[in-house]
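Engineer: Shown below is the structure under consideration.
Nothing in this text is a laboratory measurement; each read-out follows from the coordinates by a stated rule. Keep in mind the model is a prediction, meaning the values are calculated, not measured. Methodologically, a virtual Cβ is constructed for each residue, glycine included, from the backbone with ideal geometry; neighbour enumeration extends over all protein chains shown.
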Amino acid sequence: SVEMGWQRTAYHFQPEKNWMNGRQQTSLLGPLFHERWYHLFYQQNPDSAVWGNITWGHAVSADLVHWLYLPLAMQPDSWFDWNGVWTGSATLLPDGQIVILYTGDTDDHVQVQNLAYPANLSDPLLLDWVKYAGNPVMTPPKFIALKDFRDPTTAWLGPDGLWRVAFGSKINKTGIALVYTTTNFTTFELLDGFLHEVPTTGMWECVDFYPISTLGYEGLDTSANGPGIKHVLKASFDDDRHDYYAIGTYDLFNNTWTPDDPEEDVGFKLRVDYGKYYASKTFYDQNKGRRILWGWIGETDSEAADLQQGWASVQSIPRIVIYDNKTGTNIIQWPIVEIECLRLNSTEFEDVELEPGSVVELDIGKSTQLDIVAEFKIESEALEATLEADVSYNCSGSSGSAQRGSLGPFGLQVLANENLTEQTPFYFYIAKASEGTYTSFFCSDQTRYASC
Ligand code: DQQ
């Protein structure tokens, strides 16, 4: 099997001390760009191998690839975050100030929202963070449970001069997003109704809400709204630990977001990622005019195995997010271009023919890290000759890469041993409906990979 012990990732961000302390949460918090530096905050437990004592780690980078670890930004040291400095987001104000709203788990386990800001804005590293003396700035509204109020988004500004911030929650089994308004980030007012609700989806964590251009590929500031703009609503479902999203229309004055297609509402169809991926969040990179998405890749093996290997959890490679104006139904994600600076050399394979059921070995020599770009072409005769096929296929419900069909699977088997008893397939699967429409799935199969 592949020997992972004590190795560290080169492509993916992971905490500096992770290797010493075992399993840690590295879900992502308030990324921002300030004075030539990208700041990343992440959750970790500095003292223990299990979740708890959640603290904000801090790192900066000039290129989102090479990171400099900084001292912890915020620790659970006040009554309003005694049981954890949980997820939060940064908002850059037009006058250059930076505010962070984050969830604190209080000394008696109530989820409240707190305000923090840099002690010294002229410090490009933003080393010191001040927790506002009047915290908490929000406590759970009466109609939701005290432990169901968390993860404030980046705030966006309406034409009425009010900032808005969204939260995830639930009422019974209905997942909801709530919106508050503020002018000063110290006093907040809850807007009537919900931004959106979806029955049976359970608690929504780490809600993300952002505008996306339907006209071009540039990213949009979180406050952008108007013609040529749609809004993406993403929620991390606590019940099944996946990130779901949908694209829709935001009505700022009525405080509602409506999915373009009610049958593709949040949780019904689109996931942000079909691998191990959770608690993702975007931010607008005003430096390069793009929207960047990150997610937290947790572990699938046991805590004992993590302790043995010395680290657990990484951040996904940052990806830009754009609207797919070919389909109009989904977003497109692509790794940020900076990641290409990690490529030391490359091997190209052209015109590799894949017969049905075949496995072709690609000899790339010795390498510990790979960055693979692959393009597949299906012969049009094969597509046309195939009658309705596998219409009910889906990545997680079907039998992974082992389910042979007329138009799939095809893709790459990585981290494979010689006789392929261990491997991680990344593959496409195409389903064809009787009316001739195709649905492509891009999946990873985690049922046959190497575990240490
Ligand atoms: N974990 C955080 C919460 C968030 C969840 C606490 C996401 O803020 O809802 O560690 O995994």
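Engineer: Using only Cα atoms, what is the ratio of the radius of gyration of segment 97-159 to 2.2 N^0.38 Å?
Structural biologist: Computed over Cα atoms of segment 97-159, the ratio equals 1.28.
Engineer: Here is a further query. Which FRET efficiency, nearest 0.05, do Cys341 and Phe442 yield, Cβ-Cβ r, R0 30 Å?
Structural biologist: Calculated transfer efficiency: 0.75.
Engineer: Also, I was wondering about something else. If the only charges are +1 at each Lys and Arg Cβ and -1 at each Asp and Glu Cβ, what is the size of the charge dipole of the chain around the Cα centre, to the nearest 20 debye?
Structural biologist: Charge dipole of the chain: 940 debye, to the nearest 20.
Engineer: Based on Cβ point charges of +1 for Lys and Arg and -1 for Asp and Glu, what charge dipole magnitude is obtained for segment 366-405 about its Cα centre, in debye rounded to the nearest 20?
Structural biologist: Numbers: 3 positive and 7 negative charges, 66 e Å.
In total the dipole reaches around 320 debye.
Engineer: So what's the net charge close to Leu125: Lys and Arg +1, Asp and Glu -1, counting the other residues with Cβ under 12 Å from its Cβ?
Structural biologist: On the way: positive: Arg36; negative: Glu35, Asp123, Asp128.
So the environment of Leu125 carries a net charge of -2.
Engineer: How high is the FRET efficiency between Ile144 and Ala119 when r is their beta carbon distance and R₀ equals 25 Å, given to the nearest 0.05?
Structural biologist: Efficiency for this residue pair is about 0.15.
Engineer: Over the chain, what portion of Cα pair distances is larger than 34 Å, expressed as a whole percent? Please list the in-between numbers first.
Structural biologist: Details: 35318 of 101926 pairs.
Roughly 35 percent, rounded to a whole number.
Engineer: Specify which residue in the list Leu115, Phe167, Gln423 is farthest towards the positive end of the charge dipole of the chain, using unit charges on the beta carbon of Lys, Arg (+1) and Asp, Glu (-1), about the Cα centre.
Structural biologist: Leu115
Engineer: OK, next. So how do 183-194, 237-248 stack up, highest first, on mean other-Cβ count within 10 Å? Numbers along the way, then the final one.
Structural biologist: Numbers: 183-194: 13.9, 237-248: 19.7.
In decreasing order of mean packing, 183-194, 237-248 become 237-248, 183-194.
Engineer: Divide by every residue of the chain the summed helix terms, -39500 (n - 2.57) for each DSSP H run of at least 4, and state the resulting mean residue ellipticity at 222 nm, rounded to the nearest 500 deg cm²/dmol.
Structural biologist: Using -39500 (n - 2.57) per qualifying helix, the result is -1000 deg cm²/dmol.
Engineer: Summing +1 for each Lys or Arg and -1 for each Asp or Glu, what net charge is found among the other residues whose Cβ lies under 10 Å from the Cβ of Thr182?
Structural biologist: Here the charged neighbours net out to 0.
Engineer: In nm, to one decimal, how far is the modelled label at Tyr69 from the one at Asp301, with both set 7 Å along Cα→Cβ?
Structural biologist: Result for the modelled spin labels: 2.1 nm.
Engineer: Counting other beta carbons within 10 Å of each Cβ, put His231, His12, His196 in order, fewest first. Could the numbers behind the result be given before it?
Structural biologist: Values: His231 23, His12 15, His196 26.
The fewest-first ordering by Cβ neighbours comes to His12, His231, His196.
Engineer: Right, another one. Please give the length that would be gained between Val352 and Asp47 if that part of the chain were fully extended, namely 0.36 nm times their separation in residues minus their C-alpha to C-alpha distance (nm, one decimal). List each step's numbers first, then the result.
Structural biologist: Values: separation 305, 0.36 × 305 = 109.80 nm, distance 5.00 nm.
Gain in length upon complete extension: 104.8 nm.
Engineer: Now for a separate question. Residues of segment 426-446 with the amide nitrogen closer than 16 Å to a label point 7 Å from the Cα of Val391, along Cα-to-Cβ, please.
Structural biologist: 430-440
Engineer: How many angstrom lie between the Cα centre of segment 422-449 and the Cα centre of segment 118-176?
Structural biologist: Centre-to-centre distance over Cα atoms comes out at 38 Å.
Engineer: Among Lys366, Lys276, Lys234, which comes first, second and so on when ranked by fewest other beta-carbon atoms within 10 Å?
Structural biologist: Lys366, Lys276, Lys234
Engineer: Could I ask something else about it? What full-extension length gain, to one decimal in nm, is calculated for Ala10 and Glu379 as 0.36 nm per residue of separation minus the Cα-Cα distance?
Structural biologist: Once the chain is fully extended between Ala10 and Glu379, it gains 129.1 nm.
Engineer: Still on this structure: Kindly put Tyr250, Tyr210 in sequence by how many other C-beta atoms sit within 10 Å of each C-beta, fewest to most.
Structural biologist: Tyr250, Tyr210
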